[in-house]
Amino acid sequence: MTFIRFILSILIVVSSVAVAQARTAYVDDQLYLPVRSGPGTQYRIIENALPSGTPLEVLDTSNENFTKVRTPKGNEGWVSKQYLSDSPIARDLLERATRQLEAARSELNEAREQLSTVTAERDELRSAESSLSNRSEELQEELRRVKEVSSDSLNIQRRNRELREENQKLRNDLEVLTAENERLEASKESDFMLLGAALVLGGVLLALIIPMLKPTRKTDNWA
């Protein structure tokens, strides 16, 4: 039996060594600190298991081994001075650094999204600027054509006005000529009437005068 126990012991040790060699261990800085009613381990515990990294308000440091503190719960008591530190523990620093890294990553992602948005807006603005530039050129060309049409229209209006004035002048001249023609026609008819009357009067006068011009035969009553 002794030999069998010896063999089993060797196997257990070998297996333990193999397990120890296969397993990776890390140092844990987790600590749970009790708060006592007085500066010594003989005093009763008034708050147990303060985890590492808990912030404590220091009230009294006159004792060599213990410090009087106030816990986040408001309890006042004594804790061992050797477990206190003026700076946060590595775990809290790591967590803080991790949070800051996550915040930086989040800000970086937001900045990238903003950059992408700004880039897209810039591209849209460039496209809109190009469209507006093309539209401006089209409007300028259209304005030039409108000015040409307007100039032609003004010339046409001015020519029409001149033609209307000339037409009115011709109408006025035509009316004057018509009136003059009517006057001449009336004067001609009056002259014909006067000439006819003169001829009739001359014929009457000739009819009266001619008999008077013939010699009168004298009757010889004495023959």
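The values are calculated or read from the model by the stated rules, or taken from the named source; none is laboratory data. Because the structure is predicted, anything quoted here is derived from the model rather than measured. Positions of Cβ are backbone-derived with ideal geometry, glycine not excepted, and every protein chain shown enters the neighbour counts. Accessible surface is based on the protein model in full, side chains and every heavy atom, while ligands, DNA and RNA are left aside. Shrake-Rupley method; radii C 1.70, N 1.55, O 1.52, S 1.80 Å.
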Quiz prompt | Square roots of 5 times each gyration tensor eigenvalue, C-alpha, the range 40-143, largest first, Å | solution = 68, 12, 10
Quiz item: Accessible surface of residue 57 in the full protein assembly, 1.4 angstrom probe, to the nearest 10 Å²?
Solution: 90
Exercise. Quote the accessible area belonging to residue 190 in square angstrom, nearest 10, computed with a 1.4 Å probe and with ligands, DNA and RNA left uncounted.
Key: 50
Quiz item: Taking only the alpha-carbon positions of the range 151-205 and ignoring solvent, what does the Debye formula give for the base-10 log of I(q)/I(0) at q = 0.12, 0.27, 0.28 Å⁻¹?
Solution: -0.53, -0.94, -0.96
Quiz item: Given just the C-alpha atoms of the range 65-211, how large is their convex hull per residue in cubic angstrom?
Solution: 240
Quiz prompt | Net charge contributed by nearby residues that have their C-beta within less than 12 Å of residue 151 (K/R +1, D/E -1) | solution = +2
Quiz item: What part of the accessible area of the range 115-186, given as a whole %, is carbon or sulfur when the probe is 1.4 angstrom?
Solution: 53
Quiz item: If the viscosity is 1.002 mPa s and the temperature 20 °C, what Stokes-Einstein diffusion coefficient in µm²/s follows for the range 35-75 when Rh is the Kirkwood radius over Cα pairs?
Solution: 198
Quiz prompt | 188, 73, 169, ranked by accessible area, largest first (probe 1.4 Å) | solution = 73, 169, 188
Exercise. Report the label-to-label distance for residue 126 and residue 101 in nanometres (one decimal), using points 7 Å from each Cα along the Cα→Cβ vector.
Key: 3.7
Quiz prompt | Residue-normalised accessible area of the range 59-129, expressed per residue, 1.4 Å probe, Å² | solution = 79
Quiz item: R0 = 30 Å: FRET efficiency of residue 54 with residue 111, Cβ-based, nearest 0.05?
Solution: 0.25
